[in-house]
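Colleague: So that we are looking at the same thing, I have put the structure below in structure tokens.
The values are calculated or read from the model by the stated rules, or taken from the named source; none is laboratory data. Only a predicted model underlies this, so the values are computations on that prediction, with no experimental measurement involved. Every residue, glycine as well, gets a Cβ built from its backbone with ideal geometry; the counts of neighbours run over all protein chains shown.
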């Protein structure tokens, strides 16, 4: 089960999915407000439950917003998630002050989105330092531009980190194999991955992708896929 990040669609996984397909049945979804699910409006908890319903008994691989949702699905529906891979993802913001600040920041992004449209928004969004190492040809701009401004705005309001219930205190509930992936140059999420692993315990391991930043699976798809295939071979055997 492959779950994309904000402004993306299921097509962002094309490269990874094609490499996994000979070994595994691959399921991809468009998150609420994105792609074919542009008209869907779900709260964070309900979106995570919808993922579990669609994915069934699977290994869940989620990036950024998709990783936060996959984590919630694993905690709320442990019978559905046999293994978990989180790429550049967090359990949310621990303090109410941080969450309020993030909500205000997201409303500022929404103003840009609603004022400039998707193309103008993406130009500003992808110019953030966190995406400095993401080459334009790897960003999947064609698929991002197919999203609707209204859908993306509502996705930020309903699924953003500022509205998410923090999951730090629940990480110790995870007993399934969990791989926490970050680009080696993404210092914030490297630190988050290590802290999450400490909270989860022996079920978790951290893997850093050399030469990559936040969108490690897009920047270094070969290295990421090799890592993923090895993890799945050890913890989620391939289908015959």
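Colleague: Taking residue 107 as the residue in question, decide whether it is under 21 Å from the mean Cα position of the chain (by Cα), within 22 Å of residue 196 (Cβ to Cβ) and assigned to a helix (DSSP H, G or I).
Modeller: It is false that residue 107 is under 21 Å from the mean Cα position of the chain (by Cα), within 22 Å of residue 196 (Cβ to Cβ) and assigned to a helix (DSSP H, G or I).
Colleague: Looking at 94, 105, 50, 101 in this structure, which one is closer than 28 Å to residue 176 by Cβ and either in contact (Cβ under 8 Å) with a residue 40 or more places away in the chain or surrounded by 20 or more Cβ atoms within 10 Å (Cβ to Cβ) (or both)?
Modeller: Exactly one residue qualifies, and that residue is 94.
Colleague: Enumerate the helices (runs of 4 or more DSSP H) found wholly within the stretch 153-240, keeping only those where 3 or more residues are under 27 Å from residue 24 (Cα atoms), over 17 Å from the mean Cα position of the chain (by Cα) and free of Cβ contacts under 8 Å to residues at least 40 places away in the same chain.
Modeller: Where helices (runs of 4 or more DSSP H) fall fully within the stretch 153-240 and carry at least 3 residues being under 27 Å from residue 24 (Cα atoms), over 17 Å from the mean Cα position of the chain (by Cα) and free of Cβ contacts under 8 Å to residues at least 40 places away in the same chain, they are 221-235.
Colleague: Within the stretch 82-110, can you find the residues that are in contact with a strand residue (DSSP E or B) (Cβ under 8 Å, 6 or more places away or on another chain) and at pLDDT 95 or above?
Modeller: Passing the criteria: 83, 84, 85, 86, 87, 88, 89.
Colleague: Then there's this: Scanning for something surrounded by 16 or more Cβ atoms within 10 Å (Cβ to Cβ) and farther than 15 Å from residue 6 by Cβ, does the stretch 126-138 turn up at least one residue?
Modeller: Yes, the conditions are met somewhere in the stretch 126-138.
Colleague: Here's a check for you: in the stretch 53-80, which residue that is modelled with pLDDT of 95 or more and part of a strand (DSSP E or B) is surrounded by the fewest Cβ atoms within 10 Å (Cβ to Cβ)?
Modeller: Among those residues, the one meeting the criterion is 59.
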